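Below is one structure; the comments refer to it alone.
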(Lines give C-alpha, C1' and ligand atoms only; values in the text may rest on other atoms or scores of the structure.)
Protein backbone atom coordinates (compact mmCIF):
# COMPACT_ATOMS: atom_id res chain seq x y z
CA UNK A 1 0.00 0.00 0.00
CA UNK A 2 1.31 3.46 -0.92
CA UNK A 3 2.53 5.70 1.89
CA UNK A 4 0.14 8.43 0.73
CA UNK A 5 -2.79 6.03 1.06
CA UNK A 6 -1.70 4.94 4.55
CA UNK A 7 -1.26 8.55 5.61
CA UNK A 8 -4.67 9.44 4.22
CA UNK A 9 -6.32 6.52 6.03
CA UNK A 10 -4.63 7.46 9.30
CA UNK A 11 -5.73 11.07 8.88
CA UNK A 12 -9.30 9.93 8.21
CA UNK A 13 -9.37 7.84 11.37
CA UNK A 14 -7.93 10.66 13.44
CA UNK A 15 -10.36 13.21 12.08
CA UNK A 16 -13.33 10.89 12.47
CA UNK A 17 -12.39 10.08 16.06
CA UNK A 18 -11.93 13.74 16.96
CA UNK A 19 -15.17 14.76 15.31
CA UNK A 20 -17.30 11.78 16.34
CA UNK A 21 -20.39 13.62 17.41
CA UNK A 22 -23.87 13.69 15.96
CA UNK A 23 -24.10 17.52 15.82
CA UNK A 24 -20.83 17.71 13.89
CA UNK A 25 -21.90 15.22 11.24
CA UNK A 26 -25.34 16.81 11.01
CA UNK A 27 -23.85 20.24 10.31
CA UNK A 28 -21.36 18.84 7.82
CA UNK A 29 -24.15 17.36 5.74
CA UNK A 30 -26.95 19.93 6.12
CA UNK A 31 -25.36 23.39 6.35
CA UNK A 32 -25.30 25.04 2.95
CA UNK A 33 -22.29 27.07 1.87
CA UNK A 34 -21.92 29.55 -1.00
CA UNK A 35 -18.59 29.77 -2.83
CA UNK A 36 -17.65 32.55 -5.24
CA UNK A 37 -15.04 32.44 -7.98
CA UNK A 38 -13.94 35.05 -10.50
CA UNK A 39 -13.22 34.04 -14.09
CA UNK A 40 -11.16 36.60 -16.03
CA UNK A 41 -10.81 36.76 -19.79
CA UNK A 42 -10.32 39.45 -22.45
CA UNK A 43 -13.44 37.95 -24.04
CA UNK A 44 -15.52 39.28 -21.16
CA UNK A 45 -16.69 42.68 -22.35
CA UNK A 46 -19.77 44.87 -22.31
CA UNK A 47 -22.84 43.18 -20.83
CA UNK A 48 -20.77 40.19 -19.74
CA UNK A 49 -18.78 42.23 -17.23
CA UNK A 50 -19.93 41.15 -13.76
CA UNK A 51 -22.25 38.47 -15.21
CA UNK A 52 -23.08 35.95 -12.48
CA UNK A 53 -23.53 32.22 -13.14
CA UNK A 54 -24.80 30.15 -10.23
CA UNK A 55 -24.22 26.40 -10.42
CA UNK A 56 -26.39 23.72 -8.83
CA UNK A 57 -24.71 20.31 -8.97
CA UNK A 58 -25.29 16.79 -7.62
CA UNK A 59 -28.46 17.53 -5.67
CA UNK A 60 -29.36 13.80 -5.74
CA UNK A 61 -33.01 14.39 -4.81
CA UNK A 62 -31.89 16.23 -1.68
CA UNK A 63 -34.12 18.80 0.02
CA UNK A 64 -32.82 21.59 2.24
CA UNK A 65 -35.90 22.69 4.14
CA UNK A 66 -39.50 22.26 3.07
CA UNK A 67 -39.74 22.36 -0.74
CA UNK A 68 -36.03 23.18 -0.76
CA UNK A 69 -36.70 26.61 0.70
CA UNK A 70 -33.19 27.02 2.16
CA UNK A 71 -31.50 26.13 -1.13
CA UNK A 72 -33.80 28.44 -3.07
CA UNK A 73 -33.21 31.33 -0.67
CA UNK A 74 -29.44 30.91 -0.90
CA UNK A 75 -29.61 30.64 -4.69
CA UNK A 76 -31.69 33.81 -4.97
CA UNK A 77 -29.24 35.63 -2.68
CA UNK A 78 -26.47 35.03 -5.24
CA UNK A 79 -28.29 37.35 -7.67
CA UNK A 80 -27.72 34.99 -10.60
CA UNK A 81 -28.00 36.19 -14.18
CA UNK A 82 -27.92 32.54 -15.22
CA UNK A 83 -28.51 29.25 -13.42
CA UNK A 84 -26.88 26.01 -14.55
CA UNK A 85 -27.52 22.48 -13.28
CA UNK A 86 -24.54 20.23 -13.98
CA UNK A 87 -26.10 16.81 -13.54
CA UNK A 88 -27.35 14.34 -10.92
CA UNK A 89 -30.40 16.39 -10.05
CA UNK A 90 -31.98 13.06 -9.18
CA UNK A 91 -30.51 9.87 -7.73
CA UNK A 92 -30.69 6.48 -9.39
CA UNK A 93 -30.55 4.58 -6.07
CA UNK A 94 -33.62 6.23 -4.56
CA UNK A 95 -35.19 7.95 -7.54
CA UNK A 96 -37.93 10.52 -7.10
CA UNK A 97 -38.46 12.27 -10.42
CA UNK A 98 -41.32 14.37 -9.08
CA UNK A 99 -39.10 15.79 -6.35
CA UNK A 100 -36.29 16.46 -8.82
CA UNK A 101 -38.62 18.21 -11.24
CA UNK A 102 -40.19 20.25 -8.46
CA UNK A 103 -36.73 21.50 -7.46
CA UNK A 104 -36.01 22.33 -11.10
CA UNK A 105 -39.27 24.23 -11.47
CA UNK A 106 -38.59 26.36 -8.39
CA UNK A 107 -35.01 27.09 -9.47
CA UNK A 108 -36.10 28.10 -12.96
CA UNK A 109 -38.23 30.88 -11.50
CA UNK A 110 -35.08 32.63 -10.22
CA UNK A 111 -33.15 33.03 -13.51
CA UNK A 112 -32.81 31.45 -16.97
CA UNK A 113 -31.82 27.86 -16.24
CA UNK A 114 -29.89 25.27 -18.29
CA UNK A 115 -29.18 21.62 -17.52
CA UNK A 116 -26.86 18.79 -18.55
CA UNK A 117 -27.05 15.12 -17.61
CA UNK A 118 -25.13 13.41 -14.85
CA UNK A 119 -24.33 9.73 -14.58
CA UNK A 120 -27.43 9.11 -12.46
CA UNK A 121 -29.79 10.44 -15.14
CA UNK A 122 -27.78 8.52 -17.73
CA UNK A 123 -28.64 5.25 -15.98
CA UNK A 124 -32.37 5.71 -16.56
CA UNK A 125 -34.14 3.87 -19.36
CA UNK A 126 -34.67 5.81 -22.58
CA UNK A 127 -38.40 6.03 -21.88
CA UNK A 128 -37.84 7.42 -18.40
CA UNK A 129 -35.23 9.85 -19.69
CA UNK A 130 -37.72 11.12 -22.25
CA UNK A 131 -40.28 11.76 -19.50
CA UNK A 132 -37.65 13.46 -17.38
CA UNK A 133 -36.47 15.83 -20.13
CA UNK A 134 -40.02 16.67 -21.07
CA UNK A 135 -40.65 17.43 -17.40
CA UNK A 136 -37.61 19.70 -17.28
CA UNK A 137 -38.81 21.69 -20.27
CA UNK A 138 -42.27 22.02 -18.75
CA UNK A 139 -40.58 23.25 -15.56
CA UNK A 140 -38.83 26.01 -17.52
CA UNK A 141 -35.38 24.40 -17.57
CA UNK A 142 -33.55 24.09 -20.90
CA UNK A 143 -31.67 20.79 -21.31
CA UNK A 144 -28.51 20.98 -23.40
CA UNK A 145 -28.00 17.53 -24.82
CA UNK A 146 -24.82 17.73 -26.88
CA UNK A 147 -25.70 21.13 -28.23
CA UNK A 148 -24.71 24.78 -28.00
CA UNK A 149 -26.77 27.95 -27.71
CA UNK A 150 -25.71 31.53 -28.31
CA UNK A 151 -26.74 33.99 -25.64
CA UNK A 152 -25.73 37.10 -27.59
CA UNK A 153 -24.10 39.06 -24.77
CA UNK A 154 -20.94 41.15 -24.96
CA UNK A 155 -18.63 39.99 -27.76
CA UNK A 156 -20.61 36.76 -28.04
CA UNK A 157 -21.39 34.13 -25.43
CA UNK A 158 -21.96 30.50 -26.29
CA UNK A 159 -23.16 27.98 -23.73
CA UNK A 160 -22.25 24.38 -24.61
CA UNK A 161 -23.69 21.31 -22.91
CA UNK A 162 -22.63 17.67 -23.22
CA UNK A 163 -24.13 14.48 -21.81
CA UNK A 164 -22.11 12.98 -18.98
CA UNK A 165 -20.00 10.61 -21.13
CA UNK A 166 -19.66 12.78 -24.24
CA UNK A 167 -16.99 15.19 -22.99
CA UNK A 168 -14.23 12.82 -24.14
CA UNK A 169 -15.68 12.14 -27.61
CA UNK A 170 -15.79 13.82 -31.00
CA UNK A 171 -19.09 15.37 -29.91
CA UNK A 172 -17.37 18.16 -27.99
CA UNK A 173 -14.94 18.84 -30.84
CA UNK A 174 -17.89 19.17 -33.21
CA UNK A 175 -19.66 21.60 -30.90
CA UNK A 176 -16.55 23.73 -30.60
CA UNK A 177 -15.69 23.74 -34.31
CA UNK A 178 -15.78 26.95 -36.35
CA UNK A 179 -16.33 29.17 -33.33
CA UNK A 180 -15.51 32.89 -33.66
CA UNK A 181 -12.20 33.57 -31.88
CA UNK A 182 -13.67 36.48 -29.90
CA UNK A 183 -16.60 34.43 -28.60
CA UNK A 184 -16.64 33.30 -24.95
CA UNK A 185 -17.38 29.58 -24.67
CA UNK A 186 -18.67 28.10 -21.42
CA UNK A 187 -19.09 24.33 -21.20
CA UNK A 188 -21.49 22.54 -18.86
CA UNK A 189 -20.26 19.00 -18.23
CA UNK A 190 -20.67 16.59 -15.35
CA UNK A 191 -17.29 14.87 -15.05
CA UNK A 192 -14.13 16.80 -14.12
CA UNK A 193 -11.77 13.93 -14.90
CA UNK A 194 -12.27 14.58 -18.61
CA UNK A 195 -10.34 17.81 -18.12
CA UNK A 196 -7.75 17.13 -20.81
CA UNK A 197 -10.48 16.76 -23.41
CA UNK A 198 -12.06 20.06 -22.41
CA UNK A 199 -8.68 21.73 -22.77
CA UNK A 200 -7.99 20.13 -26.17
CA UNK A 201 -11.36 21.33 -27.43
CA UNK A 202 -10.42 24.93 -26.62
CA UNK A 203 -13.15 25.65 -24.10
CA UNK A 204 -12.70 28.89 -22.13
CA UNK A 205 -14.55 27.92 -18.94
CA UNK A 206 -15.94 24.55 -17.81
CA UNK A 207 -18.43 24.04 -14.98
CA UNK A 208 -18.47 20.49 -13.57
CA UNK A 209 -19.41 18.50 -10.47
CA UNK A 210 -19.55 14.73 -9.89
CA UNK A 211 -16.58 14.47 -7.47
CA UNK A 212 -18.61 15.46 -4.38
CA UNK A 213 -15.56 17.36 -3.14
CA UNK A 214 -13.72 14.11 -2.59
CA UNK A 215 -16.37 13.21 0.03
CA UNK A 216 -14.02 13.57 3.05
CA UNK A 217 -11.66 16.54 2.92
CA UNK A 218 -8.57 16.82 5.09
CA UNK A 219 -6.09 19.69 5.60
CA UNK A 220 -3.04 19.33 3.38
CA UNK A 221 -4.63 16.46 1.47
CA UNK A 222 -7.95 17.67 0.10
CA UNK A 223 -10.56 15.18 -1.03
CA UNK A 224 -9.97 11.49 -0.40
CA UNK A 225 -11.94 9.75 -3.13
CA UNK A 226 -13.88 10.65 -6.26
CA UNK A 227 -15.54 8.42 -8.87
CA UNK A 228 -13.48 8.22 -12.02
CA UNK A 229 -10.39 9.51 -10.19
CA UNK A 230 -9.93 7.10 -7.30
CA UNK A 231 -8.00 7.79 -4.09
CA UNK A 232 -6.52 11.29 -3.55
CA UNK A 233 -8.24 12.70 -6.66
CA UNK A 234 -6.82 15.65 -8.55
CA UNK A 235 -10.02 17.56 -9.33
CA UNK A 236 -12.49 17.89 -6.45
CA UNK A 237 -13.25 21.56 -5.69
CA UNK A 238 -12.56 25.06 -6.91
CA UNK A 239 -10.82 26.46 -9.98
CA UNK A 240 -8.16 24.71 -12.06
CA UNK A 241 -6.22 26.21 -14.96
CA UNK A 242 -5.44 23.83 -17.82
CA UNK A 243 -3.54 25.75 -20.48
CA UNK A 244 -6.04 28.30 -21.80
CA UNK A 245 -8.98 26.51 -20.17
CA UNK A 246 -10.29 27.12 -16.65
CA UNK A 247 -12.37 24.42 -14.96
CA UNK A 248 -14.56 25.06 -11.94
CA UNK A 249 -15.52 21.97 -9.93
CA UNK A 250 -18.46 22.20 -7.54
CA UNK A 251 -18.39 20.07 -4.39
CA UNK A 252 -22.10 19.54 -4.97
CA UNK A 253 -25.09 19.50 -2.67
CA UNK A 254 -26.25 15.94 -2.03
CA UNK A 255 -24.95 12.48 -1.31
CA UNK A 256 -25.62 9.19 -3.04
CA UNK A 257 -24.24 5.71 -2.35
CA UNK A 258 -21.77 7.17 0.15
CA UNK A 259 -23.97 9.15 2.55
CA UNK A 260 -21.47 11.11 4.66
CA UNK A 261 -19.41 14.27 4.14
CA UNK A 262 -16.57 15.41 6.39
CA UNK A 263 -15.15 18.96 6.19
CA UNK A 264 -17.06 19.24 2.94
CA UNK A 265 -20.39 20.98 3.44
CA UNK A 266 -22.94 21.10 0.61
CA UNK A 267 -21.90 23.84 -1.81
CA UNK A 268 -23.59 26.27 -4.14
CA UNK A 269 -21.11 27.85 -6.59
CA UNK A 270 -21.28 31.25 -8.27
CA UNK A 271 -18.81 32.25 -10.97
CA UNK A 272 -18.50 35.96 -11.73
CA UNK A 273 -17.23 36.92 -15.19
CA UNK A 274 -14.71 39.75 -15.36
CA UNK A 275 -12.49 41.27 -18.03
CA UNK A 276 -8.76 41.20 -17.63
CA UNK A 277 -7.31 43.32 -14.86
CA UNK A 278 -5.77 46.58 -16.06
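The values are calculated or read from the model by the stated rules, or taken from the named source; none is laboratory data. None of these values were measured; they are calculated from a predicted model. Because the Cβ atoms are built from the backbone with ideal geometry, glycine has one as well, and the counts that use them run over all protein chains shown.
Overview of values
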| read-out | value |
| --- | --- |
| Count - residues of the stretch 117-148 that are touching a residue at least 40 places away in the same chain (Cβ under 8 Å) and closer than 21 Å to residue 62 by Cβ | 8 |
| Sole residue being modelled with pLDDT under 95, surrounded by 16 or more Cβ atoms within 10 Å (Cβ to Cβ) and assigned to a helix (DSSP H, G or I), chosen from 17, 8 | 8 |
| Any pair with Cβ under 9 angstrom, 6 or more apart, that starts in the stretch 75-87 at a residue that is on the phi > 0 side of the Ramachandran plot and free of Cβ contacts under 8 Å to residues at least 60 places away in the same chain and ends at one that is surrounded by fewer than 24 Cβ atoms within 10 Å (Cβ to Cβ) and not in a loop (DSSP other than H, G, I, E, B) | 79/52; 79/270 |
| Single residue of the stretch 25-37 satisfying the filter (in a helix (DSSP H, G or I) and surrounded by 13 or more Cβ atoms within 10 Å (Cβ to Cβ)) that is farthest from the chain's Cα centre (by Cα) | 25 |
| Residue among 207, 187, 273, 260 that alone is in a loop (DSSP other than H, G, I, E, B) and on the phi < 0 side of the Ramachandran plot | 260 |
| Candidate set: the stretch 155-184, residues that are free of Cβ contacts under 8 Å to residues at least 40 places away in the same chain and touching a helix residue (DSSP H, G or I) at 6+ places or on another chain (Cβ under 7 Å); chosen: the one surrounded by the most Cβ atoms within 10 Å (Cβ to Cβ) | 167 |
| Subset of the stretch 122-150 [in a loop (DSSP other than H, G, I, E, B) and either closer than 20 Å to residue 169 by Cβ or touching a helix residue (DSSP H, G or I) at 6+ places or on another chain (Cβ under 9 Å) (or both)] | 123, 124, 139, 140, 144, 145, 146 |
| Selected residue (only one of 270, 236 is under 12 Å from the mean Cα position of the chain (by Cα) and over 17 Å from residue 190 (Cβ atoms)) | 270 |
| Residue satisfying condition, being in a loop (DSSP other than H, G, I, E, B), under 24 Å from residue 73 (Cα atoms) and touching a strand residue (DSSP E or B) at 6+ places or on another chain (Cβ under 8 Å), within set 213, 252 | 252 |
| Selection count, the stretch 38-69, where residues are outside any loop (DSSP other than H, G, I, E, B), loosely packed, with under 15 Cβ neighbours inside 10 Å and modelled with pLDDT of 95 or more | 3 |
| Residue ID - nearest to residue 153 (Cα to Cα), chosen from residues in the stretch 88-117 that are assigned to a loop (DSSP other than H, G, I, E, B) and touching a helix residue (DSSP H, G or I) at 6+ places or on another chain (Cβ under 7 Å) | 110 |
| Selection count, the stretch 218-246, where residues are touching a strand residue (DSSP E or B) at 6+ places or on another chain (Cβ under 7 Å) and in a strand (DSSP E or B) | 8 |
| Whichever residue in the stretch 188-219 is over 14 Å from residue 172 (Cβ atoms) and over 14 Å from the mean Cα position of the chain (by Cα) and, among such residues, is surrounded by the fewest Cβ atoms within 10 Å (Cβ to Cβ) | 219 |
| Leading residue by the ranking (farthest from the chain's Cα centre (by Cα)) among those in the stretch 127-154 that are surrounded by 16 or more Cβ atoms within 10 Å (Cβ to Cβ) and over 27 Å from residue 100 (Cα atoms) | 154 |
| Residues within the stretch 72-103 that are over 18 Å from the mean Cα position of the chain (by Cα), buried (at least 18 other Cβ atoms within 10 Å of the Cβ) and closer than 15 Å to residue 54 by Cβ, tallied | 0 |
| Enumeration of residues in the stretch 185-216 that are over 24 Å from residue 82 (Cα atoms) and in contact with a helix residue (DSSP H, G or I) (Cβ under 7 Å, 6 or more places away or on another chain) | 197, 216 |
